[in-house]
């Protein structure tokens, strides 16, 4: 068993005990807290509680959690969209909805499961993330570089650290961005109010996103983003910060958004120096069909609105 404890110190931390646990103890999610309460593994001031129990300033919360079962990645044959492969690296185009590597709640059907069935991967990241040099979110589509050998893994990781590789994304965001290009430089850390999210936090990790506008629509903008750093949820957090959240984003976007399979964010271009030959390799992946269809619809709607405006101005000019 693992023991966690926290004291409610301020009034804004008061409330339902399951919610407060998730707020004050980053290692424990709200669902874990609820399960622990159900199994009589949570006390407040030494007394067992229910999930709806309210806690107040000064209350001491103690949570006992059983040790999680070890996770191992097992090979699972699956159809992968492999863009490039040799004896050192694999470049794969990950679809929306696929988790990159096993984690609690996602032990099967991940990209790593499929890659293990496909062939050899580097051993540097152990049994859970073999070969994985960098990640993209489950509902983000696009290109990932994967190391097949430890030599390749070390080289690709060093390139990421030195910022010599290319990672370019296409994102459809809410609102019309007036500037043609810009840079978002804002530090990112775990959101202190919601452990499932990242946020702009003073003292957080340095994070820089460069962007340029590709196309403007009625109420939306398509942008090309180049990552200088690679923080968790970086593009999603940065564009929420400048009040242009990524369309379809269930975590950082508005409730009223475009229908799709999650955020409209695609890792479109990837470039790196080959670990052993020294050759520069660059790849590009087309947008997913639902992304393309959404852009086509927005173009049609924007053109119709613009044509209507021109028609009205013409009628007014004729009077």
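Bear in mind these aren't lab numbers, they're just calculated from the coordinates by the rules spelled out. As the structure is a prediction and not an experimental result, all values here were calculated from the model. Cβ placement follows ideal geometry from the backbone for every residue including glycine, while neighbour counts extend to all protein chains displayed.
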Value at 222 nm in deg cm²/dmol, rounded to 500, when DSSP H runs of n ≥ 4 in the chain each add -39,500 (n - 2.57): -7500 deg cm²/dmol
Segments 229-237, 100-108 sorted - mean Cβ within 10 Å per residue, highest first: 229-237, 100-108
Dimensionless Rg ratio for the range 69-162, taking C-alpha atoms and the 2.2 N^0.38 Å reference: 0.99
Alpha-carbon centroid distance for the pair the range 78-120 / the range 216-248, whole angstrom: 25 Å
Ranked by how many other beta carbons lie within 10 Å on average, peptides 170-178, 263-271, 280-288, 30-38 from highest: 263-271, 170-178, 30-38, 280-288
Relative contact order, percent, the range 69-162 [alpha-carbon distance under 8 Å, six or more residues apart]: 32 percent
Packing-based ranking, highest mean first, of 2-15, 111-124 given that Cβ atoms within 10 Å are counted: 111-124, 2-15
Relative contact order computed over the chain (Cα-Cα under 8 Å; 6+ residues apart), in percent: 13 percent
Kirkwood hydrodynamic radius of the range 101-227, from inverse mean 1/r over distinct Cα pairs, in Å: 17.1 Å
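From the mean inverse distance of alpha carbon pairs (Kirkwood) and the Cα radius of gyration, derive Rg over Rh for the range 2-65.
The Rg/Rh ratio comes out at 0.90.
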Structure-derived semi-axes √(5λ) of the Cα gyration tensor in Å: which label, when the choices are [x] 37, 24, 19; [y] 34, 25, 18; [z] 38, 31, 18: [z]
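Tell me, what does the Kirkwood hydrodynamic radius of the range 163-314 come to in angstroms if you use every pair of distinct C-alpha atoms?
Evaluated over the range 163-314, this radius sits at 16.8 Å.
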Span from the the range 260-290 Cα centroid across to the the range 1-45 one, whole angstrom: 41 Å
